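This report concerns only the one structure given below.
The values are calculated or read from the model by the stated rules, or taken from the named source; none is laboratory data. Here the structure is a predicted model, which means the values were calculated and not measured. Here Cβ is always computed from backbone atoms with ideal geometry, including for glycine, and neighbour counts include all displayed protein chains.
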Amino acid sequence: MPPHQVIQGCSVWHWKDKLSPAEGWIVIDSPVPTHSGGGLFLHEDATLNEVRDIARSMSAKLAVSSQPQVVGAKGGIRFPHEDSRAPLVLERFIRDNAAVLSEYWGTGGDLNTDHDIIDRHARAYCSPGTLTALDALSQKLDNSGWGLSEFCVGYVMAATLKELILHTKSELMGQARLVLQGFGCVGSTFAQAAAQLGIGRVVAVSSQYGFLVNDNGIECASIEACRRNTEKTPISGLDPRSLEAGLTEAELGAALYTKRRAGSTDEEHLVNFLAASRGEVFVPCAQRYILTPRTLSTLSHETFAESRDETLSKLDSASIRMLPEWISNSGTANLFMRACSGFALQGYGASNLEASANDTKAFVNAAFGSVGYRASNRMAHLTLTTHGVERAAETVKEVYNVKFNKDESLYRLPGLGDPTLSIVKAPESAGPGDIGLSIRFSLYNIVKTRQVFEAQRITFKDRLIQDGSTELVVLREETGYPMSFCQAPAEEPSNDDFSTSPKVLDSIAGSTRHLDHYAAIMPDTIRMKVFHERMLGFTSLRTFTVNTGSAADGGDDGLIQVMGIPFDAKRVVILTEGLNPDSVFYKLMMRHDGAYVHHVALEVEDVGAVFAEVRARGWTTTAEDLSYDVATGLRQFFLKEDETGCILELIGRSSKDNKSENQEKSSSGPADDGDVVKDDGADDIGNYANGQVAFRTENIVALARSLDRSD
């Protein structure tokens, strides 16, 4: 076993070739040598720091597959890959470090190295009986031309990108323009997988020799097939694994192809490529450390300061989402761990491929689930302005089961990710437009928000809030209802500082779920829908019209836009507009002197029991009976606006509600009320944000009429 050193917490083997200037390193991300995995690369600028950085990144990749007991490792050789001696240098490196491979290090091909060649040398020099990485990863995929370990890299990258798009900008699915840097194994397999998964089209590809740009789409499969064609005469001086090796002489001379400018650096070449490309997704598939200030500037069309340490914040400021490489490029690590753990099924390449992708997708979904309620652009706070502060506080504490701090200046709604609430005394001079709810959104970068508002000429004013920071208050004519924006706090208030009321309803205690939705009425939902999409990242789930009675037969007098909140599969926002002066929605808006938040809804487990106890305890509701829809199981009721200064709704759709109510009303017809309901088979809790929601227009009409009468 060659001797090793411990450097910055890592086990390091330093190797020097006796027959050439080559040197190299093996790094295991542990101070004590242990089972580890990671590839072996070769290039003329390799350094110990690079090898160590990637070994640590490999530890993160292996953690994605839930195998933290196996640490990351990496091997790197400093030697020009174009040198004719490079194959022999690689062989001697493996020969001299065979004991490390036999005992600790599972490895395979990487930059300028090949899986099969490494495997052949490992079999020749490692201890008899050593299971090489290629034994675990050598399965071939039917009709693809790729080995499982090769295709897994690009496939998992594409599957991870698909998850990001579905979570953040689902309307891009099938339409995304993909810009690829590099077209080796990673770039080519990614392009093929992206096509299989229906993500979009590749519109630009770069290589070390030039780049190809075609907004109509590049036939990547044809290029790969041409590159594999052994009968094709290779073009002199071109790497047979390059993009150009798959292009014809005519294609290389066409206007769509641009040769690399003579004497340009790698950074300059990439900047020129990005400047010539137009797309929604940039996929680096070759080289490392490419996100320099110049490339960032080209990606975002802004100028950044010279500081790599601020890369993430600069991307955020430019509204560019980034998938970390250790997540998106974890496919082979997942496959390796499955093979070594006995989870990879011999002879079932496609199943192993999908399982490896599922490891990463599960990690991504868990991450989104974790950050969802902490997401920067989120509904963070509700402010209720009312003349009856005491009654409003009593109601939210006992009926909505909110927690409150010591001086009751701040309330917290019961669901994970629900906003906080404050109740403010309205001045005696307050008019109808001053009473009710306003919504505050917390944003990652309030400075950027201010700049965007100024550039878009959106009217706003600064206002000091409780924690001493400033919020941007936007006119409701600009947003559709009272709305403000603040900087996302570095830390949320501790739950330890909040208490619950001893008078909370027995039927509510322990049965509240989360804020289900809020609804606003405004004069122009189409314009406000665009504001929510562009400024807040909301997603349009559905648009439809209804007739509440003022339109002629066959016509409609109400327009409704249902919006999904970013990173939130439980809550929606409903934007409503009256289409003529006689519409119920228009009348309600005019009573409040303009656009306003009409109601908020809290989901509970047994809404029937809550309704009975609310009525028994003296709160007034907009209807004498609980609204129930036999077809959907949706049950709900509304507290009158007089109780708090706004309408509060309680809604139930759980199996407990459905079972008890079906037993009581199995012969009943459809309910009179109901605003938002779900499709059969949808999850009991929310599931609005995936678009799998049914909106029964007859229920919305009945609801609007009943609330109009109750006012």
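Numbers for the structure displayed
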item: Region 614-643: number of residues that are surrounded by 16 or more Cβ atoms within 10 Å (Cβ to Cβ) and farther than 30 Å from residue 477 by Cα; result: 14
item: Among the residues listed as 73, 60, the single one being assigned by TED's automatic domain parsing to the domain that holds residue 123, closer than 20 Å to residue 324 by Cβ, touching a helix residue (DSSP H, G or I) at 6+ places or on another chain (Cβ under 9 Å) and not in a helix (DSSP H, G or I); result: 73
item: Residues of region 604-631 that turn out to be without any contact (Cβ under 8 Å) to a residue 60 or more places away in the chain and among the aromatic types (Phe, Trp, Tyr), as a count; result: 2
item: Filtered residue count, region 393-436, keeping only those that are of a type in the set (A, V, I, L, M) and part of a strand (DSSP E or B); result: 3
item: Region 437-487, residues that are exposed (fewer than 14 other Cβ atoms within 10 Å of the Cβ), assigned to a strand (DSSP E or B) and either among the hydrophobic types (A, V, I, L, M, F, W, C) or not assigned by TED's automatic domain parsing to the domain that holds residue 643 (or both); result: 464
item: Extreme residue, modelled with the highest pLDDT, among residues of region 505-528 that are among the aliphatic types (A, V, I, L, M) and surrounded by fewer than 19 Cβ atoms within 10 Å (Cβ to Cβ); result: 526
item: Test: residue in region 330-343 that is at pLDDT 65 or above, in a loop (DSSP other than H, G, I, E, B) and under 26 Å from the mean Cα position of the chain (by Cα); result: yes
item: Residue in region 494-503 that is β-branched (Val, Ile, Thr), more than 28 Å from residue 636 (Cα to Cα) and surrounded by fewer than 17 Cβ atoms within 10 Å (Cβ to Cβ) present; result: no
item: Subset tally (residues that are buried (at least 17 other Cβ atoms within 10 Å of the Cβ), modelled with pLDDT under 70 and among the aliphatic types (A, V, I, L, M)) for region 354-377; result: 1
item: Residue 159 vs. criteria modelled with pLDDT of 80 or more, crowded, with 23+ Cβ neighbours inside 10 Å and not in a strand (DSSP E or B); result: yes
item: Failed condition for residue 57, given (1) polar (S, T, N, Q); (2) buried (at least 17 other Cβ atoms within 10 Å of the Cβ); (3) over 34 Å from the mean Cα position of the chain (by Cα); result: (3)
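Every residue, every condition in (1) in a helix (DSSP H, G or I); (2) at pLDDT 70 or above; (3) out of contact with any Lys or Arg (no Cβ under 8 Å at 6 or more places or on another chain), yes or no:
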residue: 303; (1), (2), (3): no, no, yes
residue: 310; (1), (2), (3): yes, no, yes
residue: 314; (1), (2), (3): yes, no, yes
residue: 323; (1), (2), (3): no, yes, yes
residue: 347; (1), (2), (3): no, no, yes
residue: 352; (1), (2), (3): yes, no, no
residue: 379; (1), (2), (3): no, yes, no
residue: 391; (1), (2), (3): yes, yes, yes
